[in-house]
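The next block holds one structure in the form of structure tokens; read it before the comments.
The values are calculated or read from the model by the stated rules, or taken from the named source; none is laboratory data. None of the values given here were measured: they were computed from a predicted structure. Backbone-built Cβ (ideal geometry, glycine too); neighbour counts: all protein chains shown. In case anyone asks, the SASA skips ligands and DNA or RNA and just uses the protein heavy atoms, side chains included. Shrake-Rupley method; radii C 1.70, N 1.55, O 1.52, S 1.80 Å.
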Amino acid sequence: MKNRIIGFLVVFLCILEVMLVLASWLMSAIEVEGIRSLLSAEGIRWFFGSFVDGLQTEVLIWILLLSITWGCVRNCGIGHYNHDIRHYGAFRIVLFVVVVYVSFILYISLPSHAILRSATGGLWSSAFSRAVVPIIAFIFSLASIIYGLITKRFASASTIIAAMGDGIKTIAPYLVLYVFVMQLINSLVYVIN
């Protein structure tokens, strides 16, 4: 069902892209000010030459990191927590690691001259604000891996990698959708810029 909906959306986005190409050509032909044609030599060069650059956004990296994290969390076994000594011990160790990690992040970001602050001393538009999603993804991934190793849900590095890959596999159809959405947005920005 999910793939059917995403397939429909991809077809719809392709139709919108074709309509944008034709509309940009038509509006450019009647000399509407500020409109560039995607069918001109410049437009075609832009389309092919900037395709990869248009997909490289922070959002794509965040999606990948969070999907890896989701795979770790989903497969580590914390959702099947039971009250035996191994799970209890794993939970306590993970809690300790999370507290140490969060304390460290707070130490390098909250004081007035902290490393992750901007040159003006602010938290926003700084290394901290640009890294907040990776920081969160890392701690959840690390906590899940530690929990999975202690409870034997992760028996080796290959099972950890499989869990990470499972997260990416889960969002793979959305990555396809991302490509088409970003290309339509980038094309629209090119046409009206």
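In table form, for the structure just shown:
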| quantity | calculated |
| --- | --- |
| Accessible area per residue, Å², the range 102-193 with all protein chains present, probe 1.4 Å | 56 Å² |
| Inter-label distance, nm, simple model (7 Å from Cα along the C-beta direction), I6/K169 | 1.3 nm |
| At R0 = 30 Å, FRET efficiency that the Cβ-Cβ distance of E42 and C14 yields, to 0.05 | 0.85 |
| Estimated inter-spin distance, L106 and W124, nm [label 7 Å along Cα→Cβ] | 2.2 nm |
| Descending semi-axes in Å of the chain, equivalent ellipsoid built from Cα gyration tensor | 44, 24, 11 |
| Translational D in µm²/s for the range 8-80 (Stokes-Einstein at 25 °C, 0.890 mPa s, Kirkwood Rh from C-alpha pairs) | 158 µm²/s |
| Orientation-averaged projected area, Cα convex hull of the range 1-46 (nm²) | 3.7 nm² |
| The range 123-186: C-alpha gyration tensor shape, a/c 1.5 cut-off, then a/b vs b/c | oblate |
| Computed Kirkwood radius, in angstrom, where 1/r is averaged over Cα pairs of the range 81-120 | 12.0 Å |
| Restricting the range 69-152 to chymotrypsin sites (Phe, Trp or Tyr not before Pro) in coil, as DSSP defines it, with at most 11 other Cβ within 10 Å | W124 |
| Net charge contributed by nearby residues that have their C-beta within less than 12 Å of G71 (K/R +1, D/E -1) | +1 |
| Of L184, Y107, S40, farthest towards positive along the dipole that unit charges on Lys, Arg, Asp, Glu beta carbons give the chain | Y107 |
| The chain, dipole about Cα centre (Lys/Arg Cβ +1, Asp/Glu Cβ -1), debye to the nearest 20 | 860 debye |
| Neighbourhood net charge (15 Å Cβ-Cβ; Lys/Arg +1, Asp/Glu -1) for R130 | 0 |
| Counted charge near M164, where neighbours are those whose Cβ lies closer than 15 Å (Asp, Glu -1; Lys, Arg +1) | +2 |
| Backbone N within the range 54-85 under 13 Å of label point (7 Å from T159 Cα along the Cβ vector) | 75-78 |
| Share of carbon and sulfur in the accessible heavy-atom surface of the chain [1.4 Å probe, %] | 74 percent |
